[in-house]
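The values are calculated or read from the model by the stated rules, or taken from the named source; none is laboratory data. Worth saying up front: this structure is predicted, and the values here are computed from it rather than measured. Using ideal geometry, Cβ is built from the backbone for each residue, glycine included, and neighbour counts are taken over all protein chains shown. We work out accessible area using only protein heavy atoms, side chains counted, and drop any ligands, DNA or RNA first. Shrake-Rupley method; radii C 1.70, N 1.55, O 1.52, S 1.80 Å.
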Amino acid sequence: MVRNIVKYGDVVLETSAEPITEFDTPELHGLIADMWETMYAAKGVGLAAPQIGLSKRLSVIDTSVGEREEDKIVIINPEIVLKEGSQTGEEGCLSIPGFREPVTRAHKVRVRAQNEKGETVEYDGEELLARALQHEIDHLNGILFVSHLSTLKRDMIRRKIRKLQKAGEWK
Ligand SMILES: [Zn+2]
């Protein structure tokens, strides 16, 4: 089922999410299936549970956007255990549609997480995958990509969004 994606301004997006403690349950499998469906419907490369209004430490990532099954990654309770180098590239977010800005992040990361069965998994990512991993893990800590921008740029985006909210064009 495609879920509604919550937009910037909703407090859930800026709240640190709760760890997942029960694995391999029908609820968790159903939630992950919904997250894939929602992410693909929105043509995103990643989606974090807070973006569908659930304060849980779960994200899905597919940098191939549905092209390669082996690129599908589910990370639960993830942590970044290694960061190397830096990269700057345009970034957007399904919860902040219409805004894209350059963001500087680590070029390479190693992430340790749990899968849907609760098993420990590790992923090494570079470039786009590293960017997606960092962006989606940020979501679980209540951090949005606009937090990485200058105050000036962030305030500009906030003002534009406030205008959209007033016009009823931001929901
Ligand atoms: Zn995002």
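Tabulated results
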{"item": "Those residues of the range 25-83 which are in contact with a helix residue (DSSP H, G or I) (Cβ under 7 Å, 6 or more places away or on another chain), part of a loop (DSSP other than H, G, I, E, B) and not β-branched (Val, Ile, Thr), in sequence order", "result": "GLY53, SER55, ARG57, ASP62, SER64, GLY66"}
{"item": "Among (1) in contact with a Pro (Cβ under 9 Å, 6 or more places away or on another chain); (2) loosely packed, with under 15 Cβ neighbours inside 10 Å - the single one ARG100 does not satisfy", "result": "(1)"}
{"item": "Members of the range 59-74 found to be within 15 Å of GLY30 (Cα to Cα) and either touching a His at 6+ places or on another chain (Cβ under 8 Å) or within 14 Å of the ligand (Cβ to nearest atom) (or both), listed by number", "result": "SER59, VAL60"}
{"item": "Residue under evaluation GLY53, criteria (1) surrounded by 13 or more Cβ atoms within 10 Å (Cβ to Cβ); (2) of a type outside the set (S, T, N, Q); (3) more than 16 Å from the ligand (Cβ to nearest atom), criterion not met", "result": "(3)"}
{"item": "Residue that is nearest to the ligand (Cβ to nearest atom) [pool: residues in the range 82-96 that are under 11 Å from the mean Cα position of the chain (by Cα) and open to solvent by less than 40 Å² (accessible area, probe 1.4 Å)]", "result": "CYS93"}
{"item": "Residues within the range 64-80 that are in contact with an Asp or Glu (Cβ under 6 Å, 6 or more places away or on another chain) and among the polar types (S, T, N, Q), tallied", "result": "1"}
{"item": "Residues being open to solvent by less than 30 Å² (accessible area, probe 1.4 Å) and either in contact with a Lys or Arg (Cβ under 7 Å, 6 or more places away or on another chain) or aromatic (Phe, Trp, Tyr) (or both) - total across the range 18-34", "result": "2"}
{"item": "Flag for THR15 being touching a residue at least 60 places away in the same chain (Cβ under 8 Å), polar (S, T, N, Q) and surrounded by fewer than 19 Cβ atoms within 10 Å (Cβ to Cβ)", "result": "yes"}
{"item": "The range 144-171: number of residues that are in contact (Cβ under 8 Å) with a residue 60 or more places away in the chain, part of a loop (DSSP other than H, G, I, E, B) and among the aliphatic types (A, V, I, L, M)", "result": "1"}
{"item": "Which numbered condition HIS107 fails, given (1) in contact (Cβ under 8 Å) with a residue 24 or more places away in the chain; (2) touching an Asp or Glu at 6+ places or on another chain (Cβ under 9 Å)", "result": "(1)"}
